[in-house]
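What follows is one structure encoded as structure tokens, with my remarks underneath.
The values are calculated or read from the model by the stated rules, or taken from the named source; none is laboratory data. Everything quoted here is computed from the prediction, not taken from an experiment. Cβ: placed from backbone, ideal geometry, glycine included. Neighbour counts: every protein chain shown.
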Amino acid sequence: MISANLSAIFYLISGVLFILALRGLSSPETSRQGNLFGILGMIIAITVTFLTIGNFSSGFIYVLIFLLLGGLVGAFIAYKIPMTAMPELVAGFHSLVGLAAVFVAISAFLNPDAFNLGSPGNIKLGSLIEMSIGATVGAITFSGSVIAFLKLQGIMSGSPIIFKGQHPLNALILISIVVLIYLLCSSQSSNLFWILLAVSFLIGFLLIIPIGGADMPVVISMLNSYSGWAAAGIGFTLENTALIITGALVGSSGAILSYIMCKGMNRSFFNVILGGFGATEQSSALKNKEQKPVKSGNADDAAFLMKNASSVIIVPGYGMAVAQAQHALREMVDTLKKNDIKVSYAIHPVAGRMPGHMNVLLAEANVPYDEVFELEEINNDFANADVAFVIGANDVTNPVAKTDPQSPIYGMPVLDVEKCKSVLFVKRSLSPGYAGIDNDLFYKENTLMLFADAKKMTEDITKNL
Amino acid sequence: MEIDPFIFRLSIFILSIFIGYYVVWSVTPSLHTPLMSVTNAISSVIIVGAIIAGLSGNSESVFNSSSVFGFLAISLAAINIFGGFLVTQRMLAMYKKKKKDKK
């Protein structure tokens with residue numbers, strides 16, 4: 001058994017190691033070392049917890065069993081998961097953090113003596129408030145992440161689910177949560193505690209169902225943030241510095257990512273959270289659908305254009321992930337490079353279903369990260385490039401965002417793809433993208449539409465090069 | 001008059017939010033996915049609470065209503081810790097620089 005002061009210092013060290021883990025991610029070279037810092041911090045935190053309790057009775061062996069059990073499952077998932085499924089995995093992991101926070105809070109509520117928080121029915125007021133906030137946020141994180149997971153996995157439709165009175169209902173539930181916490185703290189009633197948990201699970205579910213599939217980058221980042229605040233809430237209850245530091249880090253990290261994603265779509269956070277985007281505009285887009293001429297081509301035409309180019313910019317989007325086309329794309333680029341054609345990749349902040357989704361997929365396909373550029377870095381280069389190859393992206397290339405103030409995506413930063421000498425647009429049909437609006441790019445003089453599955457088309461082009 | 005220890009914890013919390021703010025803004029956008037998976041892993045440090053809960057039983061009965069929730073939470077957090085760190089490691093190993101000698 002070690003003293004409380006000593007263990008507090010070790011928890012502080014592990015908190016600092018977690019900060020260094022995030023710091024490492026500022027560049028790919030230092031990132032691997034950063035991850036090791038994170039692992040070290042975790043080992044310290046767990047070891048110190050055992051030493052502080054110092055009670056290696058029969059319970060200890062069960063702790064190890066459950067720890068290893070979870071660890072094996074986690075390790076198995078980590079090795080098996082395909083990179084395209086990363087958004088689902090992260091959503092699933094968030095739900096586990098949320099549920100773990102709920103369980104710890106329940107356990108502390110049932111047996112406050114073990115945590116030094118008082119006795120059942122007479123828990124210290126401050127601890128009870130912290131505990132109920134941690135449990136509430138944890139429960140919201142859990143049910144919200146489960147919905148996000150189901151939507152990403154395609155088990156649940158990605159289109160927003162909207163009903164009348166949705167927002168008043170949500171507001172009512174949120175108010176009732178505050179009232180419940182107040183009542184719980186004044187009465188210490190365990191029934192109220194269970195009701196609070198049930199209502200929190202419900203609101204997490206209701207908050208996420210109206211949000212559409214392509215807004216998932218914001219949702220995942222937001223849930224990431226929530227999982228951090230839940231951990232911090234529990235950290236206050238347990239008076240544990242490592243948890244408080246980590247919770248604050250993760251909470252602000254998720255909040256920043258949500259902000260970056262919202263900015264990438266030029267929408268306010270509340271606009272995304274209130275949901276329903278894309279569902280209303282769809283009808284109006286279909287109404288004024290006049291027949292406009294479109295040039296379409298095949299793999300042969302595309303190969304010809306690229307062979308005669310001196311520089312090509314590739315714009316990947318969610319469609320590339322769906323078609324698992326990243327490896328085929330890399331092979332195509334290898335062939336282009338053999339012909340001394342300069343190739344770079346342009347990534348829009350909200351391409352894909354989570355922050356950095358496209359970068360991971362390209363990295364998986366062995367694309368060196370210094371050929372991959374963010375929107376601001378590369379947007380001026382389109383004017384000097386010969387060919388833009390848009391694969392699985394749509395709304396993020398739509399010039400309407402710059403020209404038509406009536407458009408729902410007006411003001412959203414877009415890739416200036418149309419400035420290229422020619423644009424190759426791989427897409428299965430002319431259907432509008434997530435925002436439900438037509439892409440003007442389809443009808444431009446210099447655009448050649450390639451109607452096919454992204455993977456198949458890329459492979460065919462490689463054959464023709 | 002003494003300061004409530006809660007205020008110290010609150011100070012740590014607020015300052016950590018600011019540290020998080022500056023550290024995360026310096027993360028390169030191409031590593032945003034690993035950032036999410038690693039934050040996932042580290043927020044599972046909640047396992048320390050789960051361990052306390054799991055060991056709360058006495059020698060006669062290891063399992064009581066409180067420790068059972070603790071054991072469940074240990075498993076969930078362990079999935080996240082191992083899964084989160086390993087998948088981050090796997091992703092980061094893929095980020096490579098252009099080889100200069102590549103033809």
Query raised in the report: Which of the residues that make up the stretch A:78-88 are buried (at least 19 other Cβ atoms within 10 Å of the Cβ), within 7 Å of another protein chain (Cβ to nearest Cβ) and not small (Gly, Ala, Ser)?
Result: A:MET86
Query raised in the report: Looking at A:LEU36, is it assigned to a helix (DSSP H, G or I) and either in contact (Cβ under 8 Å) with a residue 12 or more places away in the chain or under 30 Å from A:ASP370 (Cα atoms) (or both)?
Result: yes
Query - A:LEU336 vs. criteria within 22 Å of A:CYS420 (Cβ to Cβ) and buried (at least 17 other Cβ atoms within 10 Å of the Cβ) - result: yes
Query raised in the report: Within the stretch A:188-213, which residues are under 26 Å from the mean Cα position of the chain (by Cα) and over 30 Å from A:ARG267 (Cβ atoms)?
Result: A:LEU197, A:ALA198
Report summary line: Among residues of the stretch A:8-29 being more than 14 Å from B:VAL45 (Cα to Cα) and more than 10 Å from chain B (Cβ to nearest Cβ), the residue surrounded by the fewest Cβ atoms within 10 Å (Cβ to Cβ) is A:ILE9
Query - Filtered residue count, the stretch B:1-35, keeping only those that are of a type in the set (Val, Ile, Thr) and over 22 Å from A:LEU25 (Cβ atoms) - result: 4
Query - So A:SER431, is it free of Cβ contacts under 8 Å to residues at least 40 places away in the same chain and hydroxyl-bearing (Ser, Thr, Tyr) - result: yes
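One line per residue, one yes/no per condition, for (1) facing another protein chain (nearest Cβ under 7 Å); (2) exposed (fewer than 13 other Cβ atoms within 10 Å of the Cβ):
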site: B:MET1; (1), (2): no, yes
site: B:LEU10; (1), (2): no, no
site: B:ILE14; (1), (2): no, yes
site: B:TYR21; (1), (2): yes, no
site: B:SER26; (1), (2): yes, yes
site: B:SER30; (1), (2): yes, no
site: B:ALA41; (1), (2): yes, no
site: B:GLY57; (1), (2): yes, no
Query raised in the report: For A:ALA365, are the conditions met, namely being within 15 Å of A:THR462 (Cβ to Cβ), at pLDDT 90 or above and among the small types (Gly, Ala, Ser)?
Result: yes
Report summary line: Going through the stretch B:79-97 in order, the residues found to be buried (at least 24 other Cβ atoms within 10 Å of the Cβ) and in a loop (DSSP other than H, G, I, E, B) are B:TYR95
Query raised in the report: For the stretch A:346-353, does any single residue satisfy the condition of being in contact with a Pro (Cβ under 6 Å, 6 or more places away or on another chain) and in contact (Cβ under 8 Å) with a residue 24 or more places away in the chain?
Result: yes
Query raised in the report: Of all residues in the stretch A:230-246, which are of a type outside the set (Gly, Ala, Ser) and more than 7 Å from chain B (Cβ to nearest Cβ)?
Result: A:THR237
Query - Filter result for B:LEU76 (surrounded by fewer than 24 Cβ atoms within 10 Å (Cβ to Cβ), in a helix (DSSP H, G or I), modelled with pLDDT of 95 or more and within 7 Å of chain A (Cβ to nearest Cβ)) - result: no
Requested in this report: Answer yes or no as to whether A:GLY213 is within 30 Å of A:GLY433 (Cβ to Cβ) and touching a Phe, Trp or Tyr at 6+ places or on another chain (Cβ under 9 Å).
Outcome: yes
Report summary line: Quick count over the stretch A:384-420, residues being more than 28 Å from the chain's Cα centre (by Cα) and without any contact (Cβ under 8 Å) to a residue 60 or more places away in the chain, is 6
Query raised in the report: Does the stretch A:442-455 include one or more residues that are without any contact (Cβ under 8 Å) to a residue 40 or more places away in the chain, among the polar types (S, T, N, Q) and in a loop (DSSP other than H, G, I, E, B)?
Result: yes
Report summary line: Of the candidates A:LEU202, A:LEU249, A:LEU207, the one satisfying the condition of being within 13 Å of chain B (Cβ to nearest Cβ) and either of a type in the set (A, V, I, L, M, F, W, C) or part of a helix (DSSP H, G or I) (or both) is A:LEU249
Query - Condition met for A:ALA114 (farther than 30 Å from A:ALA198 by Cα, touching a Ser or Thr at 6+ places or on another chain (Cβ under 7 Å) and either within 8 Å of chain B (Cβ to nearest Cβ) or not in a helix (DSSP H, G or I) (or both)) - result: no
Report summary line: Those residues of the stretch A:242-265 that are among the β-branched types (Val, Ile, Thr) and either within 14 Å of the chain's Cα centre (by Cα) or surrounded by fewer than 24 Cβ atoms within 10 Å (Cβ to Cβ) (or both) come to a total of 3
Requested in this report: Give the number of residues within the stretch A:49-91 that are closer than 26 Å to A:GLY144 by Cα and of a type in the set (Val, Ile, Thr).
Outcome: 5
Query raised in the report: Could you say whether any residue in the stretch A:145-165 is hydroxyl-bearing (Ser, Thr, Tyr), more than 10 Å from chain B (Cβ to nearest Cβ) and in a helix (DSSP H, G or I)?
Result: yes
Query raised in the report: Can you name the residue in the stretch A:339-357 that is closer than 18 Å to A:ASP381 by Cβ and at the interface with chain B (Cβ under 9 Å from one of its Cβ atoms) and is also surrounded by the most Cβ atoms within 10 Å (Cβ to Cβ) among such residues?
Result: A:ILE347
Requested in this report: Please give the number of the condition A:VAL178 fails out of (1) more than 22 Å from A:GLY251 (Cα to Cα); (2) exposed (fewer than 14 other Cβ atoms within 10 Å of the Cβ).
Outcome: (1)
